[in-house]
Every structure is written in structure tokens, then in C-alpha cells.
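Each remark here refers to the structure printed beneath this line.
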Amino acid sequence: MPANSQLSKVVCSHYLNLPQGGLCQVTYVWIDGSGEGLRCKTRTLGSEPSSIEDIPEWNFDGSSTNQAQTANSDMILEPVCIFRDPFTLDPNKLVLCEVLNQDRKPADTNHRHTCKKIMEKVKEFHPLFGIEQEYTLMGTNGHPYAWPSNGYPKPQGPYYCAVGADRAYGREIMECHYKACLYAGINIFGANGEVMPSQWEFQVGPCEGVEIGDHLWMARFLLHRVCEDFGVVASLDPKPMSGNWNGAGCHTNFSTEATRAEGGIEHIEKAIEKLRMHHIQHIRISDPHGGQDNKRRLTGLFETSKIHEFTAAVSNRGTSIRIPIQVDQNKCGYLEDRRPAANCDPYAVTGAIAQTCLMEEGEEVDVLCELDINEFE
Ligand code: ADP
Ligand code: MN
Ligand code: MN
Ligand code: MN
């Protein structure tokens, strides 16, 4: 067990319960230079903020997060979204921030900036997104939590949505994270055990526009923080174990006012045709490394499609896009994009879906990714 998870939680709770004299702790949370790591730091405010305007901008050392050089290291934290802090409790806050360079331009891994512009342009369509975040519990040694140290657990089959000590490994983490999300104010939809042992999923949404990215990133922060207390690590690697084990995705469900209305299936089919035309771009933004991480996962096996093929079907989990069975029956609802990897940036993924499906050709706000057709042939 790692040292920090052995510190006494009983001793700790004595200090956490001390009165804090009307002051407020605010923890600023941001995405670092890797595009997948989260960082945080805390400061005291004189009173509880009642809205985002009450939270001052701040800065941090970008040379320690792969975001700047030592000689010119200050980066700006611009608060964008407030949540209640489920660790130190009310009135304390967690605040998601955008990272800006000194010239106030978005940092390289700040995809929220472009996503927000796109969502603003398409807001009359009232796009809703729901994301399924899969993750794998690991020991700090990188070995899956509760797997035998030599050899493997029994093959996949009994673990998905399982109950029982021989098949549900680490449920406490899923449940503590779920409660933490509810307390914080995250629009968490549900959670379940996954196909690979020690793999779990939670869903966020439906949320409109840029809010899905805000809520998913903060839900990830809560997950890493809960895991820290237990001395385990939540890996978002899209294929943590090679061989006959499922990978981990971030299925992204998408609808608009038109797809949700009676007969909306026709608009879902139109959206699928547009997604087909832009398949490679969507693969490029399906993980922080231009699709390279996701290559290990999108093999056409283990409930995935092949990375270089675009497919869509009702109720089929081996496709790029799945139409859920109720949507086919009701002739309206949403589609599921099964391609994004567990470590994707939801701002990039939802921004790209909105751009592809809801904007005219040439109307693009900013380039979310460069196109290189040959990369996945
Ligand atoms: P799956 O059957 O693929 O495992 P889940 O039950 O895990 O599906 O997740 C369903 C997801 O669909 C949730 O994230 C939810 O927020 C989302 N969702 C539900 N309705 C809509 C909708 N109208 N538009 C967009 N997303 C939706
Ligand atoms: Mn799911
Ligand atoms: Mn799943
Ligand atoms: Mn799914």
C-alpha cells in the first residue's frame, strides 16, 4: 500500500472538523500540458463565493506542468465553473479553470475555449451530450487492483454489472465517487461494473453544450481524489491490459432538439452520414495523442470497431456509432459515438461532434485537429 493511504483517517477527521471561522477554501482545478492530467491548488477567500464572478483569477507555475518555460513561467487560471467540495465540505469549493497564456490566449491543451465558441454557434439546436467514462483501478505499481500478482483472473464474462467478492473488485471506489459527485453538484447519470475485472464506468449527462466537458473533467478530478484516499489509481488508458481484455472508452451520446422530437431518427441518420465523412478527424481527437493511444483499443474486437473503418447500426456494439434499441423503436432520441478513448478530452470530442453535425462546411470556428488521412491506413 502506498504510504499516504496509510495515514490515519481518524486523526485526519479531527482536523477536518475544526471550525474555519467564516473563511472559505477554494481549490482551483485545471488541465495540465499533457491534455489528460489534472492539477489543483488551494487558497483562502474571505467569504463564501456566491457566483463564479466572486472567484478571482489566479496563476501557477507552467514550467512545472509542461505548459511554459522557467524564465517565463506564469500561466493564468480563469475560473469557469464552481462545485461544492465533497472532501472538505461546505462552504468550501472546487473551481474548474481554463488555462490562458500571458497574452490571454488559450493554452495548447485548453480545448474548452474552442468548444465553447462552437457550442455558442450551434446553441439553437440545443445539443445534449451524455458521456460514459470507463476506467481501470490499478495499484500504484501499475498492476490492476486485486488481480493476482502472478497470473490473471478468470476470463471475462462474470464481471460486467456483477455482484460478489469474486467478481466485483473495488466497488467502494465507484460508490464513494458517485456520492462525491452528487454532493459536488455534478450531473452524474449512473455507474456500473465493466467487462474487465477492476474496470468500472460512470456516466455524466445529459448536459447541454460545453457543460458536459466541465462536469466530466470535474468528475474525473473527484475520481482521482477518491482513489488517492484508498491508495489506488484510476487509469484512463484506453487499453490498460493487452490480450483478451476489454479496453476503456468514453462513449459519447449526442442529441439535438430535432433528433429528440417525433420522427427524429431521420436527423440521427443525417448526423451519421456527416460523421462518416469526417471519420479520420474524429479519430484524431479521440485521445490526446492524435488517435495513437486509441489504436490499441479500436481493433474490431472486444466491443469496438476498427480504427480505420466507419460503421453504424442499431444495437451493435462493434460499430463506430450505435443507435440504442429504444431510439430505433421510438424513432427519435440520440446516437452513441463509441470511438472516443477513456483519456479523450470531452471538450474536443463534443466540440468536433457539434461542428461536424451542426455547422455548415466552411463555417468552422477553429481547427480542432489537422487532417492526415494516411496516418491510419
Ligand atoms: P450504454 O447502454 O451504452 O452502456 P449508458 O446507460 O451507460 O449506455 O449511458 C447512457 C448515456 O446516454 C448517459 O451518459 C446519458 O447521459 C446519455 N443520454 C441519455 N439520453 C440522452 C440524450 N437525449 N442525449 C444525449 N445523451 C443522452
Ligand atoms: Mn454504459
Ligand atoms: Mn461501458
Ligand atoms: Mn455505451
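In whole Å, what is the distance between the alpha-carbon centres of the range 157-210 and the range 322-348? The range 157-210 and the range 322-348 have Cα centres separated by 18 Å.
Can you give the extra length, in nm with one decimal, that the chain gains between residue 124 and residue 163 once fully stretched, where that is 0.36 nm per residue apart less the Cα-Cα distance? Can you show the working numbers first?
Details: separation 39, 0.36 × 39 = 14.04 nm, distance 4.35 nm.
Using 0.36 nm per residue and subtracting the Cα-Cα distance, I get 9.7 nm.
Quick check: pseudo-label points 7 Å beyond the Cα along Cα→Cβ at residue 244 and residue 80, how many nm apart are they? Inter-label distance under the simple model: 4.4 nm. Mark the label point 7 Å from the Cα of residue 45 along Cα→Cβ and return the residues of the range 195-211 whose backbone N is within less than 18 Å of it. Within reach of a label on residue 45: no residues. For residue 41, a cut-off of 15 angstrom between C-alpha atoms picks up these aspartates and glutamates, skipping any fewer than 8 places away in its own chain: 32, 57, 61, 74, 78, 85, 98.
Test of the criteria: in the range 309-338, which trypsin sites (Lys or Arg not before Pro) are in a DSSP loop and have at most 13 other Cβ atoms within 10 angstrom of their Cβ?
317, 331
Extending 7 Å from Cα along the Cβ direction at residue 154 and again at residue 179 yields two label points whose distance is 3.0 nm. Each part gets one Cα centre, and for the range 104-143 versus the range 296-313 those centres are 22 Å apart. Taking all Cα-Cα distances within the range 3-108, those exceeding 25 Å account for 31%.
Applying both filters, DSSP loop and at most 16 other Cβ atoms within 10 Å, to the GluC sites (Glu not before Pro) of the range 63-139 eliminates every site.
Take every DSSP beta bridge whose two residues both sit in the chain; close to 90 percent of them are antiparallel.
Heavy-atom accessible surface of the chain, averaged per residue, reaches 46 Å², computed with a 1.4 Å probe. Close amide H partners of residue 194, meaning residues 5 or more places away or on another chain with modelled amide H under 5 Å apart, are 161, 199, 200, 201. Projecting label points 7 angstrom from Cα along Cα→Cβ for residue 276 and residue 308 puts them 2.0 nm apart. Summed over all non-identical Cα pairs, the Kirkwood treatment of the chain gives a radius of 21.7 Å.
Sorting 113, 177 by solvent-accessible area of protein heavy atoms yields 113, 177, largest first, with a 1.4 Å probe. For residue 274, which lysines qualify as cross-link partners when the Cα separation must be under 25 Å and same-chain residues fewer than eight apart are set aside? Partners found: 116, 117, 121, 123, 295, 306, 331. Here the Karplus curve 6.51 cos²θ - 1.76 cosθ + 1.60, taken at θ = phi - 60°, turns the phi angles of the range 147-164 into couplings of 7, x, 5, 10, x, 10, x, 4, x, 4, x, x, 8, 4, 6, 7, 9, x Hz, with x standing for Gly and Pro.
Among the GluC sites (Glu not before Pro) found in the range 7-58, those both in a DSSP coil and sparsely packed, with 14 or fewer other Cβ atoms within 10 Å of their Cβ, are 57.
The values are calculated or read from the model by the stated rules, or taken from the named source; none is laboratory data. Since the structure is predicted, the reported quantities are computational estimates derived from the model, not experimental observations. Cβ: placed from backbone, ideal geometry, glycine included. Neighbour counts: every protein chain shown. The protein model used for the area step is the full one, side chains on, heavy atoms only, and it has no ligands, DNA or RNA in it. Shrake-Rupley method; radii C 1.70, N 1.55, O 1.52, S 1.80 Å.
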